[in-house]
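Working notes, structure below.
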Amino acid sequence: MNITEIDEIIECLPKGRTFFPYYPGRYAPMLLAWVFNDESTIDEVKRSHYAGLLQKPAVQNILATQGKNTLCTESLSLAWVDPHETFLLTLGKWGGEKRDWQQTSRNGHNLVLQLNLHEGYRRSLERIVPEEYHWWFKDSGHPVMEKGQRAFYRQTLGWARLDIDFTTGEALIEEIQNDWLRDVATVQSMCARTHGDTNVSKAVTAYTAFVQQRLSKIWDEALLSAALWFLKEELGITSVWYHTFDTGNHLKNIKQDFPPRSIYSRLPKKFCFTKTFDQPIFLSNDKSYQRVARKVTTLQWFQMQL
């Protein structure tokens, strides 16, 4: 994308707080409501590659109350299971005119969707950990939300980098990443080495356990769900592409410090993306992409049509 396109998207979207509540498995009723309609039968879903979504608790609850063999997209849209987390969505930008170290599949910029923690995490930090150690839990690395960027500030849990083409109606999810939870675990081990069995070490351990228990098992599906919701509901994009592990590493020139393989294998399969040798139209027409792609023996992608 060029920077003007990204600036226009950021300018057009709400400037206030955009909340994204999430419970484990929320993606299942969300996807079913998008992909199917009220005339779709349960048997039809069972015969599709979305069949596994029917087993998620939120979907099971809906099916148990409706008493019929067809889907109700309105009920699926309202599905709910507690407990849940409430995240705050904000937008940023990433990249440059030339592909260099930015890990993009073509020249240009990415729109960044940031998944931020709610205020309760800051209050818990203040309650558990002495103030002089709060900076240990603050991640200011790009492309997270930065202080002064808005009238309010929240800690970014993770982000999705998006490359969007409105002409073809396609989007590529370039990256799903979370540095904060990894850094929190590093803080805990560092504190144990430097402070031993002290009150500071115990406080850091308690806060680390608190955030990991709540977030470690859901952050990736919450972030991918938020990205799909944003593309579909806010931008009207229905054709979504996602990197496979090997193709993504080749195209983005990642030769070391590889991302977790599960993010580019298990996660898209969980969301019922299909693997294909086809490629995004907007990329196949791009010369900077073509120069890199022709050097790769096999290109495979995950794709979803919403």
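The values are calculated or read from the model by the stated rules, or taken from the named source; none is laboratory data. Just so it is clear, the model here is predicted, and its values are computed rather than measured. Note: ideal-geometry Cβ built from the backbone for every residue, glycine included; neighbour counts use all protein chains shown.
Looking only at region 256-277, decide whether some residue is over 30 Å from Y22 (Cβ atoms) and in contact with a helix residue (DSSP H, G or I) (Cβ under 9 Å, 6 or more places away or on another chain). Before the answer, list the steps.
Quick first cut of region 256-277, residues over 30 Å from Y22 (Cβ atoms) only: 256, 277.
Then drop every residue that is not in contact with a helix residue (DSSP H, G or I) (Cβ under 9 Å, 6 or more places away or on another chain), which leaves none.
Within region 256-277, none of the residues are over 30 Å from Y22 (Cβ atoms) and in contact with a helix residue (DSSP H, G or I) (Cβ under 9 Å, 6 or more places away or on another chain).
I want to confirm something. Restricting to region 126-144 and keeping residues that are in a loop (DSSP other than H, G, I, E, B), under 21 Å from F210 (Cβ atoms) and of a type outside the set (V, I, T), which single residue is modelled with the highest pLDDT?
Initially, region 126-144 is screened for residues in a loop (DSSP other than H, G, I, E, B), giving 129-130, 138-144.
Adding the requirement that they be under 21 Å from F210 (Cβ atoms) leaves 129-130, 138-139, 144.
From the residues that got through so far, the ones that are of a type outside the set (V, I, T) too are 130, 138-139.
Numbers: P130: 93, K138: 85, D139: 74.
Selected residue: P130.
Determine if region 167-181 includes at least one residue that is part of a helix (DSSP H, G or I), modelled with pLDDT of 90 or more, assigned by TED's automatic domain parsing to the domain that holds R99 and not charged (D, E, K, R).
So in region 167-181, the residues part of a helix (DSSP H, G or I) come out as 180-181.
Add one more test, that the residue is modelled with pLDDT of 90 or more, and what stays is 180-181.
Filter once more, so that each one left must be assigned by TED's automatic domain parsing to the domain that holds R99: 180-181.
With the extra rule that they be not charged (D, E, K, R), the set shrinks to 180-181.
Scanning region 167-181, I find at least one residue that is part of a helix (DSSP H, G or I), modelled with pLDDT of 90 or more, assigned by TED's automatic domain parsing to the domain that holds R99 and not charged (D, E, K, R), so the answer is yes.
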Q | Positions within region 86-115 being crowded, with 21+ Cβ neighbours inside 10 Å and among the charged types (D, E, K, R), in sequence order | A | R106
Q. What is the residue count in region 124-181 for residues that are crowded, with 19+ Cβ neighbours inside 10 Å, over 24 Å from M1 (Cα atoms) and among the hydroxyl-bearing types (S, T, Y)?
A. 0
(Q) Going through L31, L71 one at a time, which residue ends up being closer than 30 Å to Y289 by Cβ and in contact (Cβ under 8 Å) with a residue 12 or more places away in the chain? (A) L31
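Applying the selection to region 43-94, what residues are acidic (D, E) and under 26 Å from the mean Cα position of the chain (by Cα)? I'd like the intermediate steps shown before the answer.
Taking region 43-94 first, the residues acidic (D, E) are 43-44, 74, 82, 85.
Listed by number, the residues that qualify are E74, D82, E85.
For the structure I just gave you, tell me whether G92 is in the same structural domain as F152 (by TED's automatic domain parsing), touching a Pro at 6+ places or on another chain (Cβ under 6 Å) and in contact (Cβ under 8 Å) with a residue 40 or more places away in the chain. Quick ask: steps written out before the conclusion?
Details: in the same structural domain as F152 (by TED's automatic domain parsing): yes; touching a Pro at 6+ places or on another chain (Cβ under 6 Å): yes; in contact (Cβ under 8 Å) with a residue 40 or more places away in the chain: yes.
Spelling it out, G92 is indeed in the same structural domain as F152 (by TED's automatic domain parsing), touching a Pro at 6+ places or on another chain (Cβ under 6 Å) and in contact (Cβ under 8 Å) with a residue 40 or more places away in the chain.
Under the condition of being outside any strand (DSSP E or B) and aliphatic (A, V, I, L, M), which residue from region 145-166 is farthest from Q305 (Cα to Cα)? Quick ask: steps written out before the conclusion?
Narrowing region 145-166 to residues outside any strand (DSSP E or B): 145-155, 166.
Applying the additional criterion that residues be aliphatic (A, V, I, L, M) yields 145, 151.
Working: M145: 30, A151: 36 Å.
Only one residue tops the list, namely A151.
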Q: Enumerate the pairs (first residue in region 234-250 and assigned to a helix (DSSP H, G or I); second residue anywhere and β-branched (V, I, T) and buried (at least 20 other Cβ atoms within 10 Å of the Cβ)) with beta-carbon separation below 9 Å, excluding pairs fewer than 6 apart on the same chain, so at least 6 apart or on different chains.
A: F245/I263
(Q) Could you go through region 190-203 and let me know if any residue there is part of a helix (DSSP H, G or I), closer than 18 Å to W159 by Cα and touching a residue at least 40 places away in the same chain (Cβ under 8 Å). (A) no
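Looking at the structure I just gave you, is K202 more than 16 Å from R161 (Cβ to Cβ), under 15 Å from the mean Cα position of the chain (by Cα) and not small (G, A, S)? Don't jump to the end; show me each part of the working.
Working: more than 16 Å from R161 (Cβ to Cβ): yes; under 15 Å from the mean Cα position of the chain (by Cα): no; not small (G, A, S): yes.
It is false that K202 is more than 16 Å from R161 (Cβ to Cβ), under 15 Å from the mean Cα position of the chain (by Cα) and not small (G, A, S).
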Q: Evaluate the following for S124: is it touching a residue at least 60 places away in the same chain (Cβ under 8 Å), of a type in the set (G, A, S) and either closer than 30 Å to D43 by Cβ or in the same structural domain as A222 (by TED's automatic domain parsing) (or both)?
A: yes
Q: Filter region 63-89 for residues that are farther than 18 Å from L306 by Cα, touching an Asp or Glu at 6+ places or on another chain (Cβ under 9 Å) and part of a loop (DSSP other than H, G, I, E, B) and give the result.
A: N69
(Q) Please verify whether P259 is part of a loop (DSSP other than H, G, I, E, B) and crowded, with 17+ Cβ neighbours inside 10 Å, treating the condition exactly as stated. (A) yes
Q: Would you be able to say whether some residue in region 172-179 is out of contact with any Asp or Glu (no Cβ under 8 Å at 6 or more places or on another chain) and without any contact (Cβ under 8 Å) to a residue 60 or more places away in the chain?
A: no
Q. Filter region 201-241 for residues that are within 25 Å of W301 (Cα to Cα) and among the hydroxyl-bearing types (S, T, Y); which is modelled with the lowest pLDDT?
A. T238
